Structure formats: structure tokens, C-alpha cells
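Here's the structure, in C-alpha cells; my notes come after.
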Amino acid sequence: MRVLVTGGAGFIGSHVCERLLADKHEVMCLDNFYTGRRDNIRHLLGNTDFEVIRHDVTQPILLEPDRIVHLACPASPVHYQWNPVKTVKTNVMGTINMLGLAKRTKARILHASTSEVYGDPQVHPQTEDYWGNVNPIGPRSCYDEGKRVAETLCFDYHRQNGVDIRVVRIFNTYGPRMLMNDGRVVSNFVVQALRGEDITVYGQGEQTRSFCYVDDLIEALVRMLDQDDEVGPINLGNPGEFTILQLAELVVELCGSTSRVVHRALPKDDPSRRRPDISKAIALLGWEPQIALREGLVKTITYFEDLLQQGDQDRVRMRTGEALVGASD
Ligand code: NAD
Ligand code: UDP
């Protein structure tokens, strides 16, 4: 099949492209490179089944995919709050454009929604039938409400136009290819621990999150895309629940770091707890996460260690005047 992956140069998108190519699909990777990087997909560029399209999903585009995996949208609070109006446009106009494309081409479209549609949840763990507790006018609303409207659009295009949708609500996912300056908690803590810097825990660190390793998530996404029985929404994540302080301590231990924990102000509307109920995913997809937090963190730490080492080597080469091939990317 010819699969269009929007946000394909991002963290999750690059892993999706890699997996679809391994499964012998043709992949069109569409990205505006806001938080995506050529380095994430550089290893795929020689593959004749892979093409890159620099494009912004807020603008219409004419393509002929058999399937669409719609991921385009910054996911880190730091990045989505940088230009909140653009975040709303990406979620609303971008999703309308992709649903319109799906309608014209009759392509199945998988939309990446988020646990943020539950806001600061009053139901715990979160089940798909919970409608959420979202502030419509706060700093996170551009993302939370944007993603809620995107879900509404999916279901209206489905009911009104028969578009073949799949909607997944992704919970905190981490792993290699997160940006070093991503702002999300796992990449922040790992980079801080490896550099021996203070670990910045926001608030008391008693808020909880459930962390899913990226390989587990990709398996679930592919299974959801391939099944014919259910449109969703379906929670995808790892139900293991940790406080942010526990995460900080584990990262310091696994990095063998001397970093100490410092506390910073808790951002407004930061959800106090989050954990997916994945009964639906287990029943429908025969899927459960296989990679425990400790194991996934070790893989992630190795990735960032290599990246930091590479950065040091590049700095040495710059000092000695050696050209940096591809540095402008
Ligand atoms: P990411 O920021 O690494 O990837 C997003 C990609 O979308 C980037 O490559 C970015 O350049 C691209 N993009 C952003 N705006 C665009 C636009 N207007 N036009 C074209 N491309 C655009 O984030 P990620 O973690 O890989 O997240 C991917 C998707 O999964 C997002 O939709 C996000 O909301 C969703 N999601 C992620 C998580 C998580 O924990 N990683 C959790 C819930 C939902
Ligand atoms: N967080 C933190 N220190 C950081 C970055 C994040 O304590 O350097 C906290 C943040 O306040 C939140 C949790 O970690 O409670 C997860 O934050 P992230 O930005 O990764 O994702 P969120 O789930 O909030 O969208």
C-alpha cells in the first residue's frame, strides 16, 4: 500500500515510517519540520519506496494514498505553546485537510489523538467513555481542545461521509529520536542526568504519568490500522503509573549520575494523574506493552549518550576547522 505519514519526520512518525517500509509499504513522509528532523529519517532516504514531502498540513494537498497515518502536530507542551494559534490551526485545518483527502481517495485514516483529551482527569484510570475535564481557555487548551475538535471532525466525516477512520488516544510515549531540547519529561531528565545538571522536577513531583516505550506503541498503531472491526477511540499506552519524582530517581540511578533533584514551579493545568485503561486495546488488538520502564529508559539513555558524544566530537572537529557534513540540517 501507499501510506501517507503526516509528521513523519518527528519522533513517533519516523518510527512509523521505518516500520511501514519494513512491512514493504510505500511511504510518503509529509512534514513541515517544525519539530521534525532530517536526522530522524536520514537512514530511510536511500530507500526507493520512501519519499519526503515538505508541506504544512494546514494547506490542502493533492496526493493519492491508500492509507493515511495523521501525526502532524507538535506534542511537547513547550513546542505546542510556542505558537498556540498555529497549534489550533494544525489540529483543526490540518485534520480537515487530511480527512478531506481521505474522503476523496477513500483512504483509511488513522488519527493520533491523545490522553490530553481527558484533561486533568477525575476518572482514574482513564477509560475511553470518560469525556474528560479540560480547561477550554488555558495554556494547554490549544492542544487539548484542538485534539478534541480533531476527534469530533474524524467522527463527523465518518458519520456524514463514510470516511474510514481509526482514532487512537496515545498516552506519554518516549524513546530514541525525541528531541534533546524537547521539553518533555523523559528527554529533559535523561539529558540533565547525563550532563550532570540539576533534574528539574515541576512542583513536588507527586503528579503521575504512565510511560510507553515507542516500539510498543508502533506495534499497537500498526495493529489498529490493519484491523477492520473498530474505529475507536482506543487508548494506547503503558498502564504502569509512576510519580515524576520516581521517574527522576530512576533516571539518575540508570545514568549513574551525580545530578540532584531541584523543584521548579508546576505549570498551569498540569494534569495531576494519568494512567490508561487499555482493556479495549487488549481485547481488540491482542496487544499489551512488552517493555518495562527500566528497560525502555536504558535504550533511551544509550541513544542520548551517543547523541551527546557525537555533539562533543562535532565541537572538537569545529575547533580544529574540519568541515561538518550535513550540519545545516
Ligand atoms: P513530534 O513533535 O516529534 O512530531 C510531530 C511532527 O509533526 C514533527 O515532525 C513536526 O515537524 C510535524 N508537524 C507539526 N506541525 C505540522 C504541520 N502544521 N504540518 C506538517 N507537519 C507538522 O511529536 P510526537 O511525539 O512524534 O507526536 C506525534 C503525534 O502523536 C502528535 O500528533 C501528537 O499529538 C501525538 N501524541 C504523542 C504523544 C507522545 O507522548 N509522544 C502522546 C499523545 C499524542
Ligand atoms: N515535568 C517535570 N520536569 C520537566 C518536564 C516535565 O517535572 O523538566 C513534569 C510535567 O510538569 C508533567 C510531567 O512531567 O507533570 C510530564 O510532562 P511532559 O511535558 O512530558 O508531558 P505531559 O504529560 O504533561 O503532556
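Of all accessible surface on the range 22-67 at a 1.4 Å probe, what whole percent is carbon and sulfur?
45
Could you provide, to the nearest whole Å², the per residue accessible area of the range 201-274 with probe 1.4 Å?
Per residue, the range 201-274 has 43 Å² of solvent-accessible surface.
How many nm is it between the label spots at LEU62 and ASN181, if each spot is 7 Å from the Cα in line with the beta carbon?
Between LEU62 and ASN181, the label points sit 3.9 nm apart.
Would you mind working out the accessible area per residue for the range 1-77, using a 1.4 Å probe, and quoting it in Å²?
Here the residues of the range 1-77 average 42 Å² of exposed surface.
When the chain is treated as a GNM, springs tying every alpha-carbon pair under 10 Å, which of THR35, THR127, THR258 comes out with the largest mean-square fluctuation?
Of the options given, THR258 has the highest mean-square fluctuation.
Pick out, in residue order, every one of the trypsin sites (Lys or Arg not before Pro) in the range 261-305 that is DSSP loop and has at most 15 other C-beta atoms within 10 Å; say none if there are none.
LYS268
Straight distance only, please: which aspartates and glutamates reach the Cα of LYS24 with their own Cα at less than 13 Å, same-chain residues fewer than 8 apart left out?
ASP49
Subtract the Cα-Cα distance of ASN161 and GLU288 from 0.36 nm times their separation in residues, and report this length gain in nm to one decimal.
42.4 nm
To the nearest 20 debye, what charge dipole does the range 25-180 have about its Cα centre, counting +1 at the Cβ of each Lys and Arg and -1 at the Cβ of each Asp and Glu?
With only Lys, Arg, Asp and Glu charged at Cβ, the dipole is about 220 debye.
Please report, as a whole percent, how much of the solvent-accessible surface of the range 111-164 comes from carbon and sulfur atoms (probe radius 1.4 Å).
C and S atoms contribute 51 percent here.
Label 7 Å along Cα→Cβ of ASP23; the range 102-121 residues with amide nitrogen under 14 Å?
It comes to 108-111, nothing else.
What share of Cα pairs, in percent, lie more than 16 angstrom apart in the range 242-289?
Beyond 16 Å sits 62 percent of the P(r) for the range 242-289.
Rank CYS154, SER259, TYR303 by how far each Cα sits towards the positive end of the charge dipole of the chain (+1 on Lys, Arg Cβ; -1 on Asp, Glu Cβ) and give me just the farthest.
Value: CYS154.
Using a Cα-Cα cut-off of under 18 Å, which lysines could be cross-linked to LYS89, ignoring same-chain neighbours fewer than 8 residues away?
Here the lysines satisfying the reach criterion relative to LYS89 are LYS147.
Taking the solvent-accessible surface of protein heavy atoms with a 1.4 Å probe, what is the per residue accessible area of the range 111-197 in Å²?
Using a 1.4 Å probe on heavy atoms only, each residue of the range 111-197 averages 38 Å².
For the range 124-279, just list the percent of Cα-Cα distances falling in each 10 Å bin from zero outward, please.
10, 32, 35, 17, 5, 1
Take the Cβ-Cβ distance between LYS106 and VAL261 as r, set R0 to 51 Å, and report the resulting FRET efficiency rounded to the nearest 0.05.
0.45
Cα extents of the range 78-182 along the three principal axes, largest first, in whole Å?
37, 32, 30
Multiply the residue separation of ASP198 and TRP131 by 0.36 nm, subtract the distance between their alpha-carbon atoms, and state the gained length in nm to one decimal.
20.4 nm
May I ask you to give the average projected area over all directions of the convex hull of the Cα atoms of the chain, in nm² rounded to one decimal?
Hull-based average projected area comes out at 16.7 nm².
Taking every DSSP beta bridge that has both residues in the chain, what percent is antiparallel when rounded to the nearest 5?
5
Using only the alpha carbon atoms of the range 184-229, find the Kirkwood hydrodynamic radius as the inverse mean reciprocal pair distance, in angstroms to one decimal.
Over the range 184-229, the inverse of the mean reciprocal pair distance is 13.4 Å.
Taking the convex hull of the alpha carbon atoms in the range 1-118, what volume per residue do you get, in Å³?
100
The values are calculated or read from the model by the stated rules, or taken from the named source; none is laboratory data. Nothing here was measured: the structure is a model prediction, and the numbers come from that model. Don't worry about glycine lacking a Cβ; one is built from the backbone with ideal geometry, like all the others, and counts go over all protein chains shown. Accessible surface is based on the protein model in full, side chains and every heavy atom, while ligands, DNA and RNA are left aside. Shrake-Rupley method; radii C 1.70, N 1.55, O 1.52, S 1.80 Å.
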